[in-house]
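Student: Sharing a structure with you now.
The values are calculated or read from the model by the stated rules, or taken from the named source; none is laboratory data. This one's a predicted model, so the numbers in the text were calculated from it and none came from an experiment. Glycine also receives a Cβ, built like all others from the backbone with ideal geometry; neighbour counts cover every protein chain displayed. Surface accessibility is based on the protein's heavy atoms, side chains included, excluding ligands, DNA and RNA. Shrake-Rupley method; radii C 1.70, N 1.55, O 1.52, S 1.80 Å.
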There are 2 protein chains.
Amino acid sequence: MRLLFSLLLIVLVASCSTKNTNNAPTPMTGKYAIAIHGGAGNLVKMNLTPQEQEAYKLVLDSALTAGDEILRAGGSAIDAVESAIKIMEDCPLFNAGRGSVFTHEGYNEMDAAIMDGSNLECGAVAGVRHIKNPISAARSVMEKSEFILLKSEGAEAFATEQGIEIADSSYFFTQHRWDQLQEAIEDDKTELDHSGKKSASKPDHREEKYGTVGCVALDKNGNLAAGTSTGGLTNKRYGRIGDSPLIGSGTYADNSTCAVSCTGKGEDFIRLNVAHDIASMIRYQNTTLQSACDSVIMGKLKSIKGRGGCIAIDNQGKIAMPFTTSGMFRGCIDAEGKKQILLYAEEPTSVNP
Amino acid sequence: MRLLFSLLLIVLVASCSTKNTNNAPTPMTGKYAIAIHGGAGNLVKMNLTPQEQEAYKLVLDSALTAGDEILRAGGSAIDAVESAIKIMEDCPLFNAGRGSVFTHEGYNEMDAAIMDGSNLECGAVAGVRHIKNPISAARSVMEKSEFILLKSEGAEAFATEQGIEIADSSYFFTQHRWDQLQEAIEDDKTELDHSGKKSASKPDHREEKYGTVGCVALDKNGNLAAGTSTGGLTNKRYGRIGDSPLIGSGTYADNSTCAVSCTGKGEDFIRLNVAHDIASMIRYQNTTLQSACDSVIMGKLKSIKGRGGCIAIDNQGKIAMPFTTSGMFRGCIDAEGKKQILLYAEEPTSVNP
């Protein structure tokens, strides 16, 4: 059964790893760098087969490469962020887009946000059920709407008018996620993007994982961008909106400081305004990116028992990827071209060229 | 016609000015103070009759007094904030609760948030159509839900389960707001809480007003709280959510810094994370409340042509009420018991005991 799942993963991943087709502008000269995440959580090696680990890494690599190619060719940070996130949204392994978890009522309700650090323009959608790539809908809101955050059917109506690709509910159905919902309903609790039960009587046999995908990038023009996309929490109810689509909580970008995308238990990130707080420390205390991230994620977030992490990049291309959980699926290509793709905590979490 | 409207106002206001019935706990010893707002905008004296100005001031006074009584008796900042806001929500003069403006489709879609500075707990609702007091629903989310932000029918279902008072659509119908929607649709643009047309051919004959009501308070225990409630924009579409229910954008409270509630063109406040930015300046630069508010509202917000303002209070009871528009309906009772109720820009905007 597990072997079958692993094989299925390889096939799915191969279909995710499509080449980026963006038309990137003429190459320019400045530094560029990119980082991505594919969720954080109680991830331990023994809970994933080598094939499964390889499958996750392959998609992370594919997303990272797509963004990097755009940046290398002189494309914008916004283009890189959208492209990288779309690849993860299209892959059923991640809790965003196609692989989104189910709400209590059996829907896939997705949230996404994108922000351009060059002008503080931003766009977001919340609770959309039929948009193939919520990150593209968020970008469309940013570029074509006078508003920033659109929700539910209204957001879908806007996206449809703008020619954003709509997908039928069946596109988002994955048996794995459906089974997770049934388990969560049975346990009568809101689960994160987990892959196993967490009750005392039925201990974790796999992992608890906070889904969400995200990307931050610096382009050759010195522009920063951030984006985040998620399916939220398995068995979530009452139209819950998490931190991902909330500017300043799960997503923020400002050329004068940094770009940040978060993943984890959203409520903790909202309470602390994590993304904006990291930017504020850099702005007002002139601290380094790593120091700001350590202070907010490893300090404040941990102190309120917040679970999750973030990826962040500053306007010099420095990257930080701190998290309070035992793992965070993440990758980056730094300003010197060094690539890292990492899943667990014992691996390095920062890249400072 | 205008006289009739003025008389109607007096009757409505009289019905709004009900006495607070909260059971406040035993009196204690520390400083306490409170500030409220009832929206900002292009408000000029000549556009309101003396009776209309008096009507607004009467409700502001009533809301302020309700909150102040709770604080004086040793009640919590959260109780004071909720009580003051409920009085403004119940009054059809303000764009929140009963007096909410209409969306493009002819609905009243309300947003609200509340935050407790003592523990960073917060709750919010977005796009609710049938909740009499959205601020109470937000408080219920804060206290009874594992989530922070609930939307649409889901938020209403949660509120109903918690015994929050539901109201039929007819409760929120006011002819004045309906007429505003028809005018906005005719002009084919999204209007703020305006009272007249703004096209070149039909110049403003009354005022443009950014609705929203809010309250910030410091109680005798040194706890801060903030709350904001709004009907959003006349003729808004696509399920637009503004800054009011977004923690860090329109609403924030943290005992270690300040409590803030904003009003104005929400998108500008989201982009800058106005409420959290003011708190961050105090935290990281050790600046005064007034200086932080001036920097964020009169500096950054103004520089991006942002329109609106905020009320803010720090943990010493200092109050600031800056705004970039020609008016902001506001009031406060400072730590020395001095009361101010103001409508326009030429009046004092800060109270520092």
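Student: If you take the residues in the stretch A:145-166 that are exposed (fewer than 15 other Cβ atoms within 10 Å of the Cβ) and within 10 Å of chain B (Cβ to nearest Cβ), which one is farthest from A:Thr103 (Cα to Cα)?
Tutor: Taking the candidates together, the pick is A:Glu146.
Student: Which of the following residues is open to solvent by 10 Å² or more (accessible area, probe 1.4 Å), assigned to a loop (DSSP other than H, G, I, E, B), at pLDDT below 80 and within 14 Å of chain B (Cβ to nearest Cβ): A:Lys189, A:Lys197?
Tutor: A:Lys189
Student: Something else about it: Got a number for residues in the stretch B:19-45 being outside any loop (DSSP other than H, G, I, E, B) and either farther than 26 Å from B:Ala320 by Cα or at pLDDT 90 or above (or both)?
Tutor: 8
Student: Now a separate question. Since A:Lys220 meets every condition but one in (1) among the basic types (Lys, Arg); (2) closer than 23 Å to B:Tyr252 by Cα; (3) more than 12 Å from chain B (Cβ to nearest Cβ), which condition does it not meet?
Tutor: Every condition holds for A:Lys220 apart from (2).
Student: Would you be able to say whether some residue in the stretch B:223-230 is assigned to a helix (DSSP H, G or I), open to solvent by less than 10 Å² (accessible area, probe 1.4 Å) and either closer than 16 Å to B:Pro322 by Cβ or away from every other protein chain (no Cβ under 14 Å) (or both)?
Tutor: No: the stretch B:223-230 contains no residue that is assigned to a helix (DSSP H, G or I), open to solvent by less than 10 Å² (accessible area, probe 1.4 Å) and either closer than 16 Å to B:Pro322 by Cβ or away from every other protein chain (no Cβ under 14 Å) (or both).
Student: Do you know which residues across the stretch B:106-144 are within 11 Å of chain A (Cβ to nearest Cβ), touching a residue at least 60 places away in the same chain (Cβ under 8 Å) and open to solvent by 10 Å² or more (accessible area, probe 1.4 Å)?
Tutor: Listed by number, the residues that qualify are B:Tyr107, B:Glu109, B:Asp116, B:Leu120.
Student: Sticking with this one: State which residue is nearest to A:Glu105 (Cα to Cα) when the search covers only the stretch A:239-294 and only residues that are of a type in the set (Lys, Arg) and within 9 Å of chain B (Cβ to nearest Cβ).
Tutor: Checking each candidate, the answer is A:Arg240.
Student: How many of the residues in the stretch A:207-222 are farther than 14 Å from A:Ala112 by Cα, outside any strand (DSSP E or B) and at pLDDT below 95?
Tutor: Here the count works out to 1.
Student: Which is basic (Lys, Arg), at positive phi and surrounded by fewer than 23 Cβ atoms within 10 Å (Cβ to Cβ), of A:Lys300, A:Lys318, A:Lys305?
Tutor: Of A:Lys300, A:Lys318, A:Lys305, the one residue that is basic (Lys, Arg), at positive phi and surrounded by fewer than 23 Cβ atoms within 10 Å (Cβ to Cβ) is A:Lys305.
Student: Since B:Tyr238 meets every condition but one in (1) in contact (Cβ under 8 Å) with a residue 24 or more places away in the chain; (2) within 23 Å of A:Val125 (Cβ to Cβ); (3) of a type outside the set (Lys, Arg), which condition does it not meet?
Tutor: B:Tyr238 satisfies every listed condition except (1).
Student: A further question follows. Residue by residue through the stretch A:244-297, note down the ones that are surrounded by fewer than 24 Cβ atoms within 10 Å (Cβ to Cβ) and at positive phi.
Tutor: A:Asn286
Student: Take the conditions touching a residue at least 24 places away in the same chain (Cβ under 8 Å) and within 16 Å of A:Tyr210 (Cα to Cα) and apply them to A:Gly67. Does it pass?
Tutor: In short, no.
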